[in-house]
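Colleague: Structure incoming, see below.
Just so it is clear, none of the values below were taken in a lab; they were calculated from the coordinates. Since we're looking at a predicted model, the values are computed, not measured. A quick note on method: Cβ atoms are made from the backbone with ideal geometry, for glycine too, and the neighbour counts reach across all protein chains shown.
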Amino acid sequence: MSAMPKVLVTQPDPERQLALLATAGCEGIPFPTIAIETVEPDERGRTLLFGLDRVDEIVFPSRNCVRYFFQLAHHRKQRLDPRTQVTCIGSETAALCRDLGVRVDRLAPGSTEASLIETLAGEPLVGRTFLLPKGDLGSGKLAKFLRDHGAEASALLCYRTVIPAMSDTERLHALLPSLAAVTFTSPSTVRNLITLAAGKPLNQLVAASIGPTTTTEAKRHFTTVLQAPHIALRSMIDLLASKLLGGR
């Protein structure tokens, strides 16, 4: 019996991805290339958190934004107004909202920021108030679009992304000979892995990614890049397993 192909998992909190890989017949090796640091809101951020009752729509672009926004709100005993529309980008983001008991009113049709912008372009936006939780690496494109079309759009920094101390270059170099593939869930997971590789070639690995921006970053460094057809971990793992195990 041949050994299961080994897949490097670069996202933080990799448990679900590791379980999906095991079910698909692959062995996941956790090697997070990003860690999340919570931030203490500045005066403007505190004003936004204490003004949630004035928000018409809140847009969550990722699970991390959901997780850390509600931490910030909970610590200040604040909650969303029931009238506020909740929009999510990606089914995984929506799933976490529902797990937290938060109603999801809108899921971006293409599970991307661009698809949400396309949808909003057909709606009256003048005078509407949007709150946009974000990480420090967020693009800012949605906020600009909303402001350009007459809406009030406020970005709220909820977390920062850093390279975790536990993932070091020496360990990565030791793992590389045994690896068949690597998975990426954000552009920063790609960039930080390249930094940690310290010049060691990685393009012999099959790279699997979620989302077009992550795929674009991965293609700068890897020859074979598989983009999940849907913005969901299962979609990415199914595609990768088909590639790695298709001939068995």
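Colleague: With a cut-off of 8 Å between alpha carbons and a minimum separation of six or more residues, what is the relative contact order of the chain in percent?
Modeller: Answer for the chain is 22 percent.
Colleague: Further, regarding this structure: Report, in debye and to the nearest 20, how large the dipole of the chain comes out about its Cα centre when Lys and Arg carry +1 and Asp and Glu carry -1 on their Cβ.
Modeller: Computed about the Cα centre, the dipole is about 200 debye.
Colleague: Let me ask something else about it. If you take the charge dipole of the chain about its Cα centre, with +1 on Lys and Arg Cβ and -1 on Asp and Glu Cβ, which of 165, 178, 48 is farthest toward its positive end?
Modeller: 178
Colleague: Placing +1 at every Lys and Arg Cβ and -1 at every Asp and Glu Cβ, with all other atoms neutral, what dipole size does region 112-248 have around its Cα centre, in debye to the nearest 20?
Modeller: Using only the charged Cβ atoms, the result is roughly 280 debye.
Colleague: Where in region 43-100 are there trypsin sites (Lys or Arg not before Pro) that are in a DSSP coil and have at most 15 other Cβ atoms within 10 angstrom of their Cβ?
Modeller: In loop regions of region 43-100 (DSSP not H, G, I, E or B), the sparsely surrounded trypsin sites (Lys or Arg not before Pro) are 76, 77, 79, 83.
Colleague: Test of understanding: ordering 225, 9 by Cβ neighbours within 10 Å, fewest first, what list do you get?
Modeller: The most exposed by this proxy come first: 225, 9.
Colleague: Residues with amide H under 5 Å of residue 184's amide H, sequence separation 5 or more or different chain, H placed in the peptide plane at 1.01 Å from N; which?
Modeller: Close amide H contacts, sequence-distant or interchain: 208, 209, 210.
Colleague: Would you pull out the residues with amide H under 5 Å of residue 85's amide H, same chain only if 5 or more places away, H placed 1.01 Å from N?
Modeller: Correct list: 57, 58.
Colleague: Would you compute the Debye intensity of region 52-136 from its alpha-carbon atoms alone, equal scatterers and no solvent, and pass along log10 I(q)/I(0) at q = 0.14, 0.16, 0.22 Å⁻¹ to two decimals?
Modeller: Treating every Cα as an identical point scatterer, log10 I(q)/I(0) equals -0.45, -0.59, -1.12.
Colleague: What's the magnitude of the charge dipole for region 26-112 around its Cα centre, counting Lys and Arg as +1 and Asp and Glu as -1 at the beta-carbon? Answer in Debye, nearest 20.
Modeller: Here the size comes out at about 300 debye.
Colleague: Setting aside same-chain residues fewer than 8 positions from residue 6, which lysines have a Cα under 28 Å from its Cα?
Modeller: 200, 219, 243
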